[in-house]
């Protein structure tokens, strides 16, 4: 669903699924999401920060963080300006 400049995606995760596994699955279903996750290299692009439940993903275990029902991932692409 599109809301302003945000796109909300609801994706069921199996209990204990890792963030990286979920992202690979999402990219396989929609190539556009490859801008947010490089599934072939299993990494986040340099210009994207990810937040898991209001805390930086790196502080939650990175791509190996386990997901639970109701978890929310937020993607924050870097903006340049001057």
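The values are calculated or read from the model by the stated rules, or taken from the named source; none is laboratory data. It should be emphasised that the depicted structure is a prediction, and the values quoted were computed from it without experimental measurement. Cβ atoms come from the backbone with ideal geometry, glycine included; neighbour counts cover every protein chain shown.
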(request) Starting from residues that are assigned to a helix (DSSP H, G or I) and touching a helix residue (DSSP H, G or I) at 6+ places or on another chain (Cβ under 7 Å), keep the ones in the range 45-63 and report whichever is nearest to residue 25 (Cα to Cα). (result) 63
(request) Could you list, in sequence order, all residues of the range 10-25 that are without any contact (Cβ under 8 Å) to a residue 12 or more places away in the chain and part of a loop (DSSP other than H, G, I, E, B)? (result) 10, 12, 14
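Specify the residue that is modelled with the lowest pLDDT; the eligible residues are those in the range 12-32 that are touching a helix residue (DSSP H, G or I) at 6+ places or on another chain (Cβ under 7 Å) and closer than 20 Å to residue 61 by Cα. Before the answer, list the steps.
Here is the first cut: in the range 12-32, the ones touching a helix residue (DSSP H, G or I) at 6+ places or on another chain (Cβ under 7 Å) are 13, 18-20, 26-27.
Checking the rest, the ones that are also closer than 20 Å to residue 61 by Cα come to 13, 18-20, 26.
Working: 13: 85, 18: 96, 19: 96, 20: 96, 26: 93.
Filtering the range 12-32 for residues that are touching a helix residue (DSSP H, G or I) at 6+ places or on another chain (Cβ under 7 Å) and closer than 20 Å to residue 61 by Cα, the one modelled with the lowest pLDDT comes out as 13.
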(request) Residue by residue through the range 64-74, note down the ones that are exposed (fewer than 15 other Cβ atoms within 10 Å of the Cβ), at pLDDT below 95 and not in a loop (DSSP other than H, G, I, E, B). (result) 74
(message) I'd like to verify a number: residues in the range 26-44 that are outside any strand (DSSP E or B) and surrounded by 14 or more Cβ atoms within 10 Å (Cβ to Cβ), how many?
(response) 8
